[in-house]
1. Can you pull out the residues in the stretch 3-18 that are in a loop (DSSP other than H, G, I, E, B), surrounded by 10 or more Cβ atoms within 10 Å (Cβ to Cβ) and on the phi < 0 side of the Ramachandran plot?
2. So, G87, is that one among the small types (G, A, S), in contact with a Gly (Cβ under 8 Å, 6 or more places away or on another chain) and modelled with pLDDT under 70 or not?
3. Could you please find all residues in the stretch 19-54 being assigned to a helix (DSSP H, G or I) and touching a helix residue (DSSP H, G or I) at 6+ places or on another chain (Cβ under 7 Å)?
4. Report every pair of residues separated by at least 6 positions or lying on different chains whose Cβ atoms are under 8 Å apart, first residue within the stretch 10-24 and touching a residue at least 24 places away in the same chain (Cβ under 8 Å), second surrounded by fewer than 12 Cβ atoms within 10 Å (Cβ to Cβ) and assigned to a strand (DSSP E or B).
5. Restricting to the stretch 25-56, name every residue that is touching a Leu at 6+ places or on another chain (Cβ under 9 Å), touching a residue at least 24 places away in the same chain (Cβ under 8 Å) and charged (D, E, K, R).
Amino acid sequence: MLVLTRKIGETVCIGENIEVVVLEAGRGRVKLGFAGPRDVSIRRGELADLLQIAKHELPESACLQEATVTRSQTGAAPLHRYRALVGG
């Protein structure tokens, strides 16, 4: 495991095409922004665990309907808008 310290607006790059930006920090929480290709799935850890369990317990047809949150469903602003807010 790689452990890094980052300030607001700083980034971490994963591979050639995934970027993680620290958007906010405080009160024991950190807000991160992720940018990458649309074909790469990014999920919260607890959701990924539930989907893994479901894949083992449900028929394959049910697994095809897994609930993956897309950028358009979240209504989240594009990452470049967050960078402007944090001065990145």
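The values are calculated or read from the model by the stated rules, or taken from the named source; none is laboratory data. Predicted model, so just to flag it, every value in this text is computed and none were measured. Glycine also receives a Cβ, built like all others from the backbone with ideal geometry; neighbour counts cover every protein chain displayed.
1. Matches in the stretch 3-18: R6, I8, E10, N17.
2. Yes; evaluated as a whole, the condition is true for this residue.
3. If the condition is that a residue be assigned to a helix (DSSP H, G or I) and touching a helix residue (DSSP H, G or I) at 6+ places or on another chain (Cβ under 7 Å), then A54 is the only one that fits.
4. E19/C13
5. R43 - this is the single residue of the stretch 25-56 that is touching a Leu at 6+ places or on another chain (Cβ under 9 Å), touching a residue at least 24 places away in the same chain (Cβ under 8 Å) and charged (D, E, K, R).
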